[in-house]
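To keep things clear, I will list the structure first and then write my remarks on it.
The values are calculated or read from the model by the stated rules, or taken from the named source; none is laboratory data. Computed from a prediction, not measured in an experiment: that's the story for all the values here. Backbone-built Cβ (ideal geometry, glycine too); neighbour counts: all protein chains shown. Heavy atoms of the whole protein, side chains included, go into the accessibility calculation; ligands, DNA and RNA do not. Shrake-Rupley method; radii C 1.70, N 1.55, O 1.52, S 1.80 Å.
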Amino acid sequence: MTNLLLTARLDVAESLRARWFLLYSVVFGGLVALLMIFGLTESQVMGFTGLTRLLMTYIQLSMAILPIFILISTVRSVASDREAGVFEYMLSLPVSVGSWYWGRFAGRFVTIFAPVFLAMAGAVAWGALSGLPIPWKHFFIYSALLLSLSICFLGLGFLISTLARSADVAQSAAFMLWLVLVLFLDLLLLGLMLQERMSPDVIIGISLINPLQVFRTAAMALFDPQLVLLGPAAFTILDRVGANAYLVWACLYPALIGLIAAAAGFWRFKSSDLL
């Protein structure tokens, strides 16, 4: 455990010195600052004003930005160290492979989740100082959703990094995965439903395997409990699952995907030729 914590601390220190972390922090901190500057807390959409409106917009922007940032910054972790010959030096130290791998995982999680959470917490602190009502329910659920999404794509990034033989291949694979999850999956399922005349329930069930789709729908359900924006698909989710059960599923499922992917990456990492 000591070696794991030391490895995590080392990864955090390396990330803090990296340019990607500075850009990453500026992006999410800047998002909240811009939303405040442009008076988003004063606007009203579907009856939501104040911090609820700001958090709702922030979570939607995070859904588009956070996954690609995590993948691009993570997939180079193992692949770059393999190319640089770091493993040969690492294996000469009294540090187990498991401590090194999971230490890197824990350290990278801290550096990717902290700026996202602190930016949102800063918005809540600013709202409290300004006398705005604080939507604690939305804040805690959004925090859980962001934590789950961070673990999901962090695990996928580590899996890709252990499978790829070079950093360039890892980045290309990460970008393709992001495109599939964000852009292509819904379009492919719509085409499949129209051509094969499959049951809409089956199509919706397949689409909800996508962790990004699960995150998107759960974030939508917080400000639209009847899922009016989702259309007829809402009946399948609300009638057969229930809104509260779906929120729990959305907080657990992406994190489970990430942990399984990270475990698969560790098995590949320790069973492969590290030198």
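Quick check, is Leu194 over 22 Å from Pro67 (Cα atoms), modelled with pLDDT under 60 and open to solvent by 60 Å² or more (accessible area, probe 1.4 Å)?
Spelling it out, Leu194 is indeed over 22 Å from Pro67 (Cα atoms), modelled with pLDDT under 60 and open to solvent by 60 Å² or more (accessible area, probe 1.4 Å).
In the stretch 163-184, what residues are more than 14 Å from the chain's Cα centre (by Cα) and open to solvent by less than 40 Å² (accessible area, probe 1.4 Å)?
Matches in the stretch 163-184: Ala164, Ser166, Ala167, Ala170, Leu179.
All but one of (1) at pLDDT below 85; (2) open to solvent by 30 Å² or more (accessible area, probe 1.4 Å) hold for Met90; which doesn't?
For Met90, the exception is condition (2).
Scan the stretch 242-267 for residues that are open to solvent by 80 Å² or more (accessible area, probe 1.4 Å) and over 14 Å from Phe105 (Cβ atoms) and report the count.
5
Which of the residues spanning the stretch 15-26 are assigned to a helix (DSSP H, G or I) and without any contact (Cβ under 8 Å) to a residue 60 or more places away in the chain?
The answer is Arg17, Arg19, Trp20, Leu22, Leu23, Val26.
Out of curiosity, is Leu4 modelled with pLDDT of 70 or more and under 17 Å from Phe117 (Cβ atoms)?
Judged against the criteria, Leu4 is not a match.
Name the residue that is farthest from Pro254 (Cα to Cα), counting only residues in the stretch 138-162 that are open to solvent by 20 Å² or more (accessible area, probe 1.4 Å) and touching a residue at least 12 places away in the same chain (Cβ under 8 Å).
Among residues in the stretch 138-162 that are open to solvent by 20 Å² or more (accessible area, probe 1.4 Å) and touching a residue at least 12 places away in the same chain (Cβ under 8 Å), the one farthest from Pro254 (Cα to Cα) is His138.
When only residues in the stretch 114-139 that are under 22 Å from the mean Cα position of the chain (by Cα) and of a type in the set (Gly, Ala, Ser) count, which is nearest to Asn244 (Cα to Cα)?
If we take residues in the stretch 114-139 being under 22 Å from the mean Cα position of the chain (by Cα) and of a type in the set (Gly, Ala, Ser), then Ala121 is nearest to Asn244 (Cα to Cα).
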